[in-house]
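I have placed the structure first, in the form of C-alpha cells, so that the comments after it can refer back to it.
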Amino acid sequence: MLTKFGDPPALPAIGGEGVDLTALTLSLYSTHRFSVFPTEYSCDRLAQLGQTVLELVVTQYLFKRVPLVDGQTMQTEKDGILNEETIISWLDHCYPTEKERFLRNQPNSPNERQNLCNFFLSYIGAIYLSNGSSTRPVLEEWIIKLISSPSDQAEIIADRLGESSPQAPDPPRYTPPPLSQHFTTPLTPPRQSSSSNHLSTPPSSPIAGPSSNSPTTQVVQILNQTADQKHISYNYPAERVEGADHTPVWVVRCLLDGQEKGCGRGSSKKTAKEKAAHQAIVKMGWPMNG
C-alpha cells in the first residue's frame, strides 16, 4: 500500500534534548546490532521501538476508521500494511534519498531488503526516542498520511475536534474517522497516557468546537451561506432517538448534496443541529468565519 497522497508526507526530523544526536544518527545508518555494537542506540533496539510505535498507530487508525470492522478484519488489514513490501515501497516512492543514503553506508548484503525495513523502523524509533511523547502527534500524522486517503484525514480531524470541544452534558456520539511478512515477534503496544488517546491532528488548529450556549444560527448560517456560494444543497433531517418527555435526545444529520457530512446529538434539536453543522464545516474544510 503506497501513500494515497499526491505529495509524500515530509519525513519528520530527528532532534531533541536528552539524546546523543551524533551517536543516534550514526547508529541509524548502520546495521550494527547490539551484540556487535552494544550501545543504547543499536539498530536492532531502535527497530524494536519503531516497530511498536508503528503498529500502535496503525492499529489505532484501523480501530477508529469507518465503517467499523471486527477484530479479525482489523488484523488482516494490519498485516497488509505492516509488511516488508509496503515499507520498501514507501522508501522507493517517498524517501529515495534516505534510502540511497542508507545503502551507501552498507556493504553488499543478501539481506538488503530486511536491512532497509529495519532502517525505516529504526527511523521511527529514533524520532520517538529523540522527542519523547511530545512527538507523538507528529508521528501519528506522518504515518496516517502514508496509509490513508484525504477523506479519511477529514474524518479524523472532525472526530478529534468534536470530542475535544466543550459540549458539556450531552452524551457523546462516537464518530470514528478513517509489515505478507511479519516481523520477528507479536507486539504488545505500549499503554497510552490519558492525555493522548486519540489520533492526532495538527496541534495548532484554529477551529474551536461550538459551545452549548452559542447561537445556533452562527454555525448553521455559516454552513448554509458557504453551501449556497458553492451551489451545494443542504438538509438537516432530525430524529428523536431516546429520553423521556422532559429529557429528550435528538440526533440531527447534516446532508450536503444528499451525503451525510455531520451528525449532532443533543438535548434539543437546536443544539444537535449546531453540532451537525459544525462537524460538516470541519469535514469539508470550510472556514468557520464564513
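Read the figures in this text as sums done on the coordinates, not as results from a lab. Quantities reported herein were computed from a predicted structural model and do not represent experimental measurements. Cβ coordinates were reconstructed from backbone atoms using ideal geometry, including for glycine residues, and neighbour counts include every protein chain displayed.
Odds and ends about this structure:
- Karplus-derived 3J(HN,Hα), 6.51/-1.76/1.60, for each residue of segment 235-240, Hz, glycine and proline x: 7, 10, x, 10, 8, 8
- Estimated FRET transfer efficiency when R0 is 35 angstrom, pair residue 26-residue 288 (beta carbons, to 0.05): 0.15
- Stretched out straight at 0.36 nm per residue, the stretch from residue 7 to residue 93 would grow longer than its current Cα-Cα span by 29.9 nm.
- In this label model, residue 246 and residue 105 are separated by 7.0 nm, measuring between points 7 Å along each Cα→Cβ vector.
- With N as its number of residues, segment 216-284 has a Cα radius of gyration that, divided by 2.2 N^0.38 Å, comes to 1.09.
- Positive minus negative residues near residue 223 (Lys, Arg vs Asp, Glu; Cβ under 12 Å): +3
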